[in-house]
Amino acid sequence: MKAALPHNAVLASVLAGNYREGLRVFAGLSESTPEDQRWAGLCALNLNDRGAARDHLAQAVMGGQQAARIELAALYRFAGEWQLAEAQLTALDWSALEPLDRALAHRERAQHLVWQGHLGAATTALEDAWLAASAPWPGAPLRGPIAQLQGTILAQRGDDLRAAERFAVAWRDGSPGRQPYALLSRALSLTYIGRFSEALRDLRTAQQGLKAVPLAQAFFHYVYGTFLRARGEWAQAETQFVQSAEAARSQGEVETEAYAELGRAALACGEGRLGDARRMLARARALAPDWKTQRLVELRTSALQALAGDQRALPALQEIALAFDARGLNREAGWAWLHQAEAARQFEHHALLDEALAQAMDKQHALGSGALMVELQALPKLNAYLAALPEDAYACGLISQGENLERVPQQIRLITLGDHAIELDGHRIRLDFAQAVEVLSYVLHHGERRLEQIQADLFPEKPHKTSKAYIHGVRRELATVIPGLSLPYNTRRKTYGVQLDGPQLDWDVRELQRAFNAPRETDLLDVLARCGQAFLPHATTEWARGERDELQRWIIRMGLELMDEWAGAGELGKCESLAYRLLAIEPLDMALNEYLLRAVYELHGARRAQTTFLDIQLKFESEVGECPASMKRLAHTLGLVA
């Protein structure tokens, strides 16, 4: 049977998710009823005009439309005024509600039960809402919002896989005004279980609809910030969290602003900016509207306390973990156990460290996913500790989950000429292991290498266990901070190699090699200016010194061959420029100095060449005591000296 249409024109716009049209219809009414006022108030609420929404809804209630208290409760909830919202629901005469209103009331009641932490009772309320919405009309359009809250409860429990399924239903059945929330909620759950490409797709789709749903702006930036933090792109994540906090503040979204400040505080702690973290947590603490948010503030505060060297954080973190556990919030309990493990590692409480890791592993098993990896990847020293554990240790499962996380392709740049660093999508990342770049370069250079070869070449003076732990710590750190890059162990060949799963890797050594091999297709002089410096200049291992010398000899040899080609073609200006660049690398190379002198003579004449020869002569006399005879003969041949 075809579903009936709503008899109220403003309500028809609400159910279609066209809130601006609803207000236009309301404004065109010659005379409005309390019911019209109610739905106009809901339109204004969804357009973030809370003053107008409050006026419309108050007039509706005063006019006898008592069900408008449901929307008033939602208005107070958005503002973080939970007690006022609860009072509106308590004042309802539930027995007199129509099926549509009963479904709305049960859903709003479920929101309050979630706020109170009563997830089981909230689930029951949503079942009641679903039953009340089972009629072909007007309940059918409510199934999307009900599925949205069902997904939220599952996500609160850390069941992100099932939550993502409910959010998919919410997106399918929701109105255009609600669909961005469903997509963003699903993106958040997909981020926690490591399905990054799907999360990014949802983020991009949701972003397209934000203009029509201004209230979703703050939530979008928060989810995007969480996504970027999970990928290790902390600078970009910080930008998104700041935008989320600003948008939420302007919209009066206290809960979203609190979570944005918590996200910023987590980044600040990870980067050692403890003063910034304390300021952000003070703001989040003032905003925190419910039990869960308050406990998350306590978690970040205790983690900050531990970083500051205060051992009182240890019992506090344990208490927080147990509190989350008692509410069935396995993901957040796992986060708290991880931070207690990090604090116990820092303060060398080994028994407490082992227990905290075991508890975190229990939570990971309970979750059935890698939902703890977002938090674990921000604790590189704990990662290094886990990587050094025996392979059969129970807690090793915490890092093995990271191997199953889906990666989004990224651009990795390995910098080893004149510096040692790694850039991810153009942003330099922080590495705790000083030789991480050298280890990566070594394995990348050789293709595959056995553990004992790496130890002999890079750590010849360190004990076997120490160097092994260090190498595994580097492996863990690289896999954690660079999504898609790993140094896996080949059990058949018993070697370690570099594996890329999505991102593209560019190494400045290879960029330099490509420039020399195809000089007409690249700006060789520009590449030399950026890359023509010493290989890992601060590295002291025999391998690095050998590679440094060999690369330098190769650059000079290739440069001389290229200058031969250019000189034969009469391109002396290019010879002069290249000679100057190469002499910055090897100033005493005879062939380079001779090329330079000939090029200057041919291009600029004898007077300029005389000056160049004097500079060369002084350089050799200063460095080796005298100018080589061959250089003097060339100057004589060119008529520069008598």
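The values are calculated or read from the model by the stated rules, or taken from the named source; none is laboratory data. Values in this document were obtained by computation on a predicted structure and should not be read as measured data. Methodologically, a virtual Cβ is constructed for each residue, glycine included, from the backbone with ideal geometry; neighbour enumeration extends over all protein chains shown. Just so you know, the surface numbers come from the protein's heavy atoms only, side chains and all, with ligands and any DNA or RNA stripped out. Shrake-Rupley method; radii C 1.70, N 1.55, O 1.52, S 1.80 Å.
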Qualifying residue in the range 229-242 (condition: surrounded by 24 or more Cβ atoms within 10 Å (Cβ to Cβ), modelled with pLDDT of 95 or more and of a type outside the set (Lys, Arg)): yes
Filtered residues of the range 327-363 (kept if closer than 29 Å to His118 by Cβ, more than 21 Å from the chain's Cα centre (by Cα) and not small (Gly, Ala, Ser)): Arg327, Leu329, Asn330, Trp337, Gln340, Gln359, Met361, Asp362, Lys363
Subset of the range 434-450 [in contact with a Phe, Trp or Tyr (Cβ under 7 Å, 6 or more places away or on another chain) and not charged (D, E, K, R)]: Tyr442, Val443, Leu444
Candidates Glu461, Glu452 - the one that is surrounded by fewer than 16 Cβ atoms within 10 Å (Cβ to Cβ), farther than 23 Å from Arg413 by Cβ and at pLDDT below 90: Glu461
Residue within the range 481-489 that is over 21 Å from Leu431 (Cβ atoms) and either in contact with a helix residue (DSSP H, G or I) (Cβ under 6 Å, 6 or more places away or on another chain) or polar (S, T, N, Q) (or both) present: no
Within the range 119-141, considering residues that are in a helix (DSSP H, G or I) and touching a Gly at 6+ places or on another chain (Cβ under 7 Å), the one modelled with the highest pLDDT: Leu119
Selected residue [part of a helix (DSSP H, G or I), aromatic (Phe, Trp, Tyr) and open to solvent by 30 Å² or more (accessible area, probe 1.4 Å)] from Tyr442, Tyr470: Tyr470
Close pairs (7 angstrom Cβ cut-off, 6 or more residues apart or separate chains): loosely packed, with under 12 Cβ neighbours inside 10 Å in the range 545-573, at pLDDT 80 or above and assigned to a helix (DSSP H, G or I) anywhere: none
Flag for Thr416 being surrounded by fewer than 20 Cβ atoms within 10 Å (Cβ to Cβ), polar (S, T, N, Q) and over 18 Å from the mean Cα position of the chain (by Cα): no
Residue within the range 11-22 that is more than 19 Å from Arg143 (Cβ to Cβ) and among the hydrophobic types (A, V, I, L, M, F, W, C) present: no
Residue identified as modelled with pLDDT of 80 or more, open to solvent by less than 30 Å² (accessible area, probe 1.4 Å), more than 14 Å from Leu414 (Cβ to Cβ) and of a type in the set (Gly, Ala, Ser) among Gly532, Gly497: Gly497
Among residues of the range 380-394, those that are free of Cβ contacts under 8 Å to residues at least 60 places away in the same chain and in a loop (DSSP other than H, G, I, E, B), counted: 5
From Leu603, Leu596, Leu578, residue being in contact (Cβ under 8 Å) with a residue 40 or more places away in the chain and farther than 30 Å from Ala456 by Cα: Leu578
Residue pairs meeting the criteria (Cβ under 9 Å; at least 6 apart or on separate chains; first closer than 21 Å to Gln83 by Cα, in the range 280-293; second open to solvent by 50 Å² or more (accessible area, probe 1.4 Å) and of a type in the set (Asp, Glu)): Arg285/Glu298; Leu287/Glu255; Ala288/Glu255; Pro289/Glu81; Pro289/Glu255; Asp290/Glu255; Thr293/Glu255
Sole residue being farther than 27 Å from Glu255 by Cα and not aromatic (Phe, Trp, Tyr), chosen from Gln66, Gln83, Gln88: Gln66
Close pairs (6 angstrom Cβ cut-off, 6 or more residues apart or separate chains): crowded, with 17+ Cβ neighbours inside 10 Å in the range 199-212, basic (Lys, Arg) anywhere: Asp202/Arg186
Unmet criterion (only one of (1) touching a residue at least 24 places away in the same chain (Cβ under 8 Å); (2) under 30 Å from Asp457 (Cα atoms); (3) surrounded by 14 or more Cβ atoms within 10 Å (Cβ to Cβ)) for Ala584: (3)
